[in-house]
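See structure below.
We did not get these values from a lab; they are worked out from the coordinates using the rules stated. Note that the structure is predicted; figures quoted are calculated from it, not measured. Using ideal geometry, Cβ is built from the backbone for each residue, glycine included, and neighbour counts are taken over all protein chains shown.
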Amino acid sequence: MVIIYVVVGIIALAAGVFLGKMLFKANVEQQIARAQALEDKAKIEAESLLKEAKIEADAYKKERAMEAKERFLKLKEEHNLEIDVRNKKVLEGENRIKQKEQSLNQKLENVNRKDKELNDERDKLLSFQEAVARKKDELEKSHSEHVAKLEQISKMTADEAKSQLVELMKSKAQTEAMAHIKIVMDEAKLQASKEAKKIIIQSIQRTAAENTIENTVSVFNLTSDDQKGQIIGREGRNIRALEAATGVEIIVDDTPEAIIISGYDPYKREIARLSLQRLVSDGRIHPARIEEIVAKTERQLEAQILEIGERTVIDLGIHGLHPELIKLVGKMRFRSSYGQNLLQHSREVANLCAIMASELGLNVKLAKRAGLLHDIGKVSDEDPELSHALLGAKLCEKYGENSTIVNAVGAHHDEMEMLTMIAPIIQACDAISGARPGARREIMETYLKRIQELETAAMSYNGVSKAYAIQAGRELRVIVEADKTSDEDVEQLSIKIAQQIQDEMTYPGQIKVTVIRETRAVSVAK
């Protein structure tokens, strides 16, 4: 039985093993089939994704290609524009070069012509020198014959004859020298007068300005005389506070509906006038309010000064001026020189300098800038020991101005050496602006002193009988005694007097010296 059970068990085990292998094989085949199905599905999905990716890649590629093409066209257009601009600049440069070449050729022709003229003049001069040498030989021969005749006829010694001849030649040479001086001066005046008059007249006409004269008083108009009492205040406290705050004198008199603001400083007078205007308009006038309004007016006037300076430099076309110099330019509006408004004078000098520099072929911008700044030292409070010209040069150097401008400002009253052509132009234009009729007024004592000095200088020469300064000191008439002077002496005397005035005196503009010599014969019929 046991053996049977064992055999049955072995058979059952073998059947179970076989059945298990069959089941395992079937399961494996089933899994393989599922895996194959999944693999096929994955391949289909992969092919689909690959196709979609390829489509997207083609679309992206086309889009990038279009963008690249558009960018290429845009760059090409910009490149073409840049090439056109460069070609235009090159063409303009070529035109300028051609113009300069033509100008240089013309100048070369002029130089060649001048050279030829100089050669001709040199040949003439050589011929003249040869003629002079021949004349000199003839003169020496004649001189020897003359000496021999003198010794023979007059029975004089050689030394005496020589002395007589020297005196004769000296007198003759002096006469010829004066005549030659007169001829040379006339020729120089003839050559220079025409061009100088043209430049000066054009400059003055093109910069014609009103004859502005500043006073030492300002008139403040009131709407009624009742306001005078408010301005004076109880026991005069308001007017005293106003005078203390502004530094001017307020004069209240019987003038209807007006009070007088007196002071030598136009800047302080303007502060007082504006402060009064605000106080009268507001109606509240008391010491505290006066101090507040004056302080506020000062601040606003400082801003106005800066605005005036900026507007001035803009009108004149001057750029890059330091803010401190602009402020000083604006401050010129409230300064005067011999009654002439300093800002108006400086603007006029700047325009005159620009015109003259243009006519002479110099730097117009530098000339105009120097003309505007030439009196800048008059409105600065720095270093009061320096003259206004040297102080102006110091300020220009301090605020970075060109060395040419510094020299022109410092030298316009001959206190520095003139190093450039701009400096004498500034000096001339300053004299033109200050010397024109009505531009300035002088203190009576200074005017009388200058007139007296002119007449005294003329009377110091021998043969002068009378001297009169006329035309407000711009002309000196000198009358000489006819029996003590000759016509040649008159020419020499006028030159000497003019030279003495030029060397020893200071005056605006120029002074004409006229020497008069006449003989009168008077008889009376009875």
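Residues whose amide H falls under 5 Å from that of residue 335, counting only those 5 or more places apart or on a different chain, are 342, 343, with hydrogens built in the peptide plane. All other residues whose Cβ lies under 14 angstrom from that of residue 299 are scored, Lys and Arg at +1 and Asp and Glu at -1, for a net of -3. The string of couplings for segment 33-46 from the Karplus curve (6.51, -1.76, 1.60, θ = phi - 60°) is 5, 5, 5, 5, 5, 5, 5, 5, 5, 4, 4, 4, 5, 5 Hz, one whole number per residue in order, with x for Gly and Pro. In the structure shown, the pairs 327/365; 135/512; 331/368 are assessed against 30 Å; a Cα-Cα span above that value is assigned to 135/512. For segment 248-289 and segment 354-406, what is the centre-to-centre distance using only Cα atoms, to the nearest Å? So the two Cα centres are separated by 36 Å.
Within segment 1-62, none of the GluC sites (Glu not before Pro) combine a DSSP coil assignment with at most 16 other C-beta atoms in a 10 angstrom radius.
Computed 3J(HN,Hα) for segment 269-284, one whole-Hz value per residue from the Karplus formula 6.51 cos²θ - 1.76 cosθ + 1.60 where θ = phi - 60°, is 5, 5, 4, 5, 5, 5, 5, 4, 4, 5, 5, 5, 5, 6, x, 8, glycine and proline marked x.
Backbone geometry of segment 3-12 corresponds, through the Karplus equation with coefficients 6.51, -1.76 and 1.60 at θ = phi - 60°, to 3J(HN,Hα) couplings of 5, 4, 4, 5, 5, 4, x, 5, 4, 5 Hz, x marking Gly and Pro. Cross-link reach is defined here as a Cα-Cα straight distance under 17 Å, omitting same-chain residues fewer than 8 places apart; for residue 74 the aspartates and glutamates meeting it are 63, 82, 84. Please compute the net charge surrounding residue 285, taking Lys and Arg as +1 and Asp and Glu as -1 over other residues with Cβ under 13 Å from its Cβ. So the surrounding residues net to +3.
Close amide H partners of residue 466, meaning residues 5 or more places away or on another chain with modelled amide H under 5 Å apart, are 479. Taking amide H as placed 1.01 Å from N in the peptide plane, the amide H of residue 513 sits under 5 Å from that of 476, each at least 5 places away or on another chain. Electrostatic tally near residue 59: other residues with Cβ closer than 15 Å to its Cβ, Lys and Arg +1, Asp and Glu -1, net 0.
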